[in-house]
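Accompanying notes for the structure given below.
Every number here is computed from the coordinates shown, using simple stated rules; none is lab data. Being a predicted model, the structure only gives us computed values, none of them experimental. FYI the Cβ positions are ideal-geometry reconstructions off the backbone, even for glycines, and counts take in every protein chain you see.
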Amino acid sequence: MCRHLAYLGPPVSLAELMFDGANSLARQAWAPTMMRQGGTVNVDGFGVGWFPTVPAKPGAAGVVPAEPGAAGVVPAEPGAAETVPAKPGAAETARAKECAGETVAAEAGTAPVARPVDSPLRYRRTGPVWNDHGFAEIATVVRTGAAMAAVRSATVGMPISEEACAPFRHGPLLFSHNGVLPGWPGCATGLVEGLSPAALLTARATDSALLWVLLRARLDAGQAPADAVRDLVGEVGASVPGARLNLLLTDGVTVIATTWTHSLFVQHAPGRLVVASEPLDEDEGWAEVPDARLLVATRDGVEITPIHPISVPSR
Ligand code: GLN
């Protein structure tokens with residue numbers, strides 16, 4: 001089963017996030033230590049989503065000064081200016097938004113206007129993470145204070161494609177699923193009732209995409225994120241026998257995670273939080289999250305509560 005992680009804390013490079021540590025996520029792609037079912041390696045793809053560190057320039061046209069502590073906006077570390085050219089975040093953001101088909105506002109005849117980023121950027125590829133040498137280089141210079149990453153072991157019968165790789169993204173949210181819905185897509189018939197045609201189309205991609213669509217439907221209906229995640233796992237866990245549902249959701253400020261038959265660990269120190277399928281290093285600060293739990297955490301603290309199955313009347 002896939003491995004995933006979420007990070008909130010002082011700025012780190014994507015390389016530190018993915019490659020550092022004796023049991024880094026990249027290492028878990030080929031030598032995971034806690035795979036419980038349905039796979040031995042995680043080589044079908046990988047992805048990372050991050051909230052860029054944008055050096056906002058107060059007073060510049062179109063730039064709203066970043067508030068300390070705002071999502072993903074972390075003050076630059078001393079010395080960062082020596083290695084980072086002027087306004088790299090802005091340029092990076094503009095390029096990424098252009099690639100994503102989004103319009104980047106520009107002053108007449110000038111470069112795109114810099115502005116803080118309210119949605120995360122993302123890099124996903126099929127194949128093993130160690131095979132992407134371009135990513136390994138880019139990852140050394142991209143820095144972030146809030147991110148999610150995953151390496152994928154595709155469930156038998158699911159497509160190998162970039163779209164199937166976590167993190168999934170919508171607005172300010174990043175999402176990942178470590179697990180499986182046995183019997184997919186047949187098992188989903190009751191779950192998808194009432195979804196819009198567009199949502200149904202997305203939900204057809206993989207079991208993870210289906211869970212993401214179901215979660216978004218709950219959020220769109222106004223349910224609080226932690227309640228939505230807990231109830232989704234409780235309901236799907238009760239209605240799909242053998243479902244494995246380790247979910248991960250972040251908006252760059254809060255990380256919400258579940259355990260439902262797969263491993264999960266948390267490492268928290270003041271101002272810094274890592275949630276990961278397996279400890280990334282030998283640090284003694286990793287705590288295992290018991291099964292059937294909801295974890296809600298920020299840089300400042302971690303709360304873990306039980307998830308109970310929720311029986312839904314058969315439709
Ligand atoms: N079932 C999901 C997929 O195929 C997640 C896979 C996993 O956790 N190994 O993408």
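Numbers below:
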{"read-out": "Calculated from backbone phi, Karplus (6.51, -1.76, 1.60) coupling profile of region 8-21 in Hz, x at Gly/Pro", "value": "9, x, x, x, 10, 7, 4, 5, 4, 5, 9, 10, 7, x"}
{"read-out": "Inter-site label distance for Ala22 and Glu303 at 7 Å from Cα along Cβ, in nm", "value": "3.5"}
{"read-out": "Inter-label distance, nm, simple model (7 Å from Cα along the C-beta direction), Val253/Val192", "value": "3.4"}
{"read-out": "Highest average packing first - 153-163, 205-215, 121-131, 282-292, Cβ atoms within 10 Å", "value": "205-215, 121-131, 153-163, 282-292"}
{"read-out": "Potential lengthening between Ala287 and Val156 on full extension [0.36 nm per residue; Cα-Cα distance subtracted]", "value": "44.1 nm"}
{"read-out": "Lys, Arg +1 and Asp, Glu -1 on Cβ, resulting dipole of region 113-260 about Cα centre, debye, nearest 20", "value": "240"}
{"read-out": "Computed over region 229-294: relative contact order in percent, which uses C-alpha pairs under 8 Å that are six or more apart", "value": "28"}
{"read-out": "Between region 127-148 and region 190-259, the Cα center-to-center distance that results, in Å", "value": "27"}
{"read-out": "Mean Cβ neighbour count within 10 Å, used as a protection proxy, ranking 270-279, 299-308 highest first", "value": "270-279, 299-308"}
{"read-out": "Listed peptides 12-24, 256-268, 188-200 by packing density, highest first (mean Cβ within 10 Å)", "value": "256-268, 12-24, 188-200"}
{"read-out": "Gained length - Val141 relative to Asp227, 0.36 nm times residue gap less alpha-carbon distance", "value": "27.3 nm"}
{"read-out": "Segment His170-Leu200, extension gain: residue separation times 0.36 nm, minus the distance between their alpha carbons", "value": "9.2 nm"}
